[in-house]
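The next block holds one structure in the form of structure tokens; read it before the comments.
The values are calculated or read from the model by the stated rules, or taken from the named source; none is laboratory data. Quick caveat: nothing in here was measured; it's all calculated off a predicted structure. Cβ atoms come from the backbone with ideal geometry, glycine included; neighbour counts cover every protein chain shown.
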Amino acid sequence: MRSPTSPSSFKPWLAGAVCAAVVGGDFYVANTDAVVRFPYQPGQTSITAAPVKVVDLPGGPINHHWTKNIIANADGSKLYVTVGSNSNVGERGTEAETGRAAIWEVDPKTGNHRVYASGLRNPNGMGWAPETGALWTVVNERDEIGSDLVPDYLTSVRDGAFYGWPYSYYGKNVDERVRPARPDLVSQAVPPDYALGSHVAPLGMVFSEGKALPPSLATGAFVGEHGSWNRVPHSGYKVVFVPFQKGLPAGLPVDVLTGFLSPEGHAYGRPVGVAMDKRGALLVADDVGNVVWRVGASAVK
């Protein structure tokens, strides 16, 4: 593990931003309540231009899962934005969940948008699978039904699919707390592809580029597990690698970056976003340590 470097400071209008996407000469930022755009040139290290709003995102005075993420498709014609739910299991009513618990597809030129996939309680990190081109995401599932329910997950995302929240979890397992029940929607719920463990709170994911890390980490996805308050003992608080074969997860997750918890369970750090740098090493944003870690081949045993 290399020495950390301090993250760049942000202008006030970037406060709360989770992720950005560069498309041609445009730099898109997913803020807590909107996607905004800035002009950008390769190599630029600061932004002085005013933001241009592309589309409003669900926010409001109560904004339960406020983190957002954004990526572009291969040709830059569409943006994909994660929007978490505004509650644990819909207890604030359906109006508070309009457009939420979903991934949006946005036209960057016009701001026109639609719900690409729904029933995803709190999706965050996204990536395009190198072998198949499919969109994948990691999702924080619901709380308060025990330390071992419900598994957070990594899944491919199908256009138009419904993934169960709040009426069911991990496919068609009904959450009896939710009223009124919706058996019609539960019958449509798509089970996710891969369980990461209960309450690990995955916030970041990125597919390996296989350049600067060992061959065992060349094909698969890195996941930043922020860790959750809702489990005894703690889980998450690390970065794991999920190996893939033929475009699908294959095997148990492998610990890549650990040591974020003291023996007493106090957090030294909490992984959030993960990314690959130009040399193929892994970058990990840590929002408790307030650093960015770089993991190269020599740091992985």
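Of note:
- The condition of being modelled with pLDDT under 95, over 16 Å from G99 (Cα atoms), surrounded by 13 or more Cβ atoms within 10 Å (Cβ to Cβ) and of a type outside the set (G, A, S) holds for only one of V18, V29, V36, that being V18.
- Within the stretch 232-246, none of the residues are farther than 18 Å from N69 by Cβ, without any contact (Cβ under 8 Å) to a residue 24 or more places away in the chain and not in a strand (DSSP E or B).
Every residue, every condition in (1) out of contact with any strand residue (DSSP E or B) (no Cβ under 7 Å at 6 or more places or on another chain); (2) closer than 22 Å to H199 by Cβ; (3) surrounded by fewer than 20 Cβ atoms within 10 Å (Cβ to Cβ), yes or no:
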{"residue": "G236", "(1), (2), (3)": "no, yes, no"}
{"residue": "V240", "(1), (2), (3)": "no, yes, no"}
{"residue": "P263", "(1), (2), (3)": "yes, yes, yes"}
{"residue": "V295", "(1), (2), (3)": "no, no, no"}
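- Restricting the stretch 77-94 to residues that are in contact with an Asp or Glu (Cβ under 8 Å, 6 or more places away or on another chain) and part of a loop (DSSP other than H, G, I, E, B), the residue that is farthest from I145 (Cα to Cα): S77
- Residue check for V200: crowded, with 23+ Cβ neighbours inside 10 Å, under 16 Å from the mean Cα position of the chain (by Cα), β-branched (V, I, T) and assigned to a strand (DSSP E or B): no
- The residue that is farthest from G204 (Cα to Cα), among those in the stretch 17-30 that are under 14 Å from the mean Cα position of the chain (by Cα) and outside any strand (DSSP E or B), is A17.
- Listed by first and then second residue, the pairs linking a residue in the stretch 143-159 that is small (G, A, S) to a residue that is part of a strand (DSSP E or B), with Cβ atoms under 6 Å apart and 6 or more places separating them unless they lie on different chains, are S156/W136.
- On inspection, S228 passes the criterion of being within 19 Å of the chain's Cα centre (by Cα), hydroxyl-bearing (S, T, Y), more than 20 Å from G251 (Cβ to Cβ) and not in a helix (DSSP H, G or I).
- Exclusive hit being closer than 30 Å to G227 by Cβ, among the acidic types (D, E) and surrounded by fewer than 16 Cβ atoms within 10 Å (Cβ to Cβ), set E97, E91: E91
- When the residues of the stretch 271-293 are filtered to those that are of a type in the set (G, A, S) and assigned to a strand (DSSP E or B), the one that is surrounded by the fewest Cβ atoms within 10 Å (Cβ to Cβ) is A275.
- Every listed requirement among (1) surrounded by fewer than 16 Cβ atoms within 10 Å (Cβ to Cβ); (2) in a helix (DSSP H, G or I) is met by R158 save one, (2).
- Condition check for V300: surrounded by 15 or more Cβ atoms within 10 Å (Cβ to Cβ), out of contact with any Lys or Arg (no Cβ under 7 Å at 6 or more places or on another chain), at pLDDT below 95 and more than 30 Å from E144 (Cβ to Cβ): yes
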